[in-house]
Amino acid sequence: MYTIRKYNITKEWLIENYSNLKKSTWDCAKEIGCNQKLITIRMAEYGIKARKENVKGSRMRKDHREKISKAMTDNPKNWMNGKTLAKHPNWKGGTRTYRRIKLSEVPLSCNECGKKNCNLDVHHIDQDRSNNAIENLQVLCVSCHRKLHYRLRS
């Protein structure tokens, strides 16, 4: 037979801990010994509004995000378990500076259809990704870029 625990979560206790002391719902639940969901249910019953950082759907607590951010800035390899991009199976080498250079030199429109205010790609005319000479680069919208590569494959 199961015993049902009753938690004494009063409106005053929630206002004091959550609103005044700025404890998180997780910390409040930990203090009482219940789960976080029960705290949010009681808050809704008592009309206590959740703070923005604790709204349902939030993925991580602020302190957790800060901890991860610090770990990544201290050692950039942490986020890939110590691997560098060059060891990734999809790595094709090179940099993306050619894209920035080409897009800064020309008007932001597709060279094929003339479309403006859209996502633009930089295409290597001779198909050699290592040849980043400005004359070898062409600005295309995503649609024209896909069509061009489709035509080149056929």
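Computed from the coordinates by the stated procedures, all read-outs in this text should not be read as laboratory data. Everything numeric in this text was worked out from a predicted model, so none of it was measured. Here Cβ is always computed from backbone atoms with ideal geometry, including for glycine, and neighbour counts include all displayed protein chains.
Here is how the numbers come out for the structure above:
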{"quantity": "Tally, over region 137-147, of residues that are outside any strand (DSSP E or B) and buried (at least 16 other Cβ atoms within 10 Å of the Cβ)", "calculated": "2"}
{"quantity": "Selection count where residues are surrounded by fewer than 17 Cβ atoms within 10 Å (Cβ to Cβ) and not in a helix (DSSP H, G or I), scope region 8-33", "calculated": "5"}
{"quantity": "Residue that is nearest to the chain's Cα centre (by Cα), among those in region 114-136 that are within 22 Å of ARG153 (Cβ to Cβ) and part of a loop (DSSP other than H, G, I, E, B)", "calculated": "ASN119"}
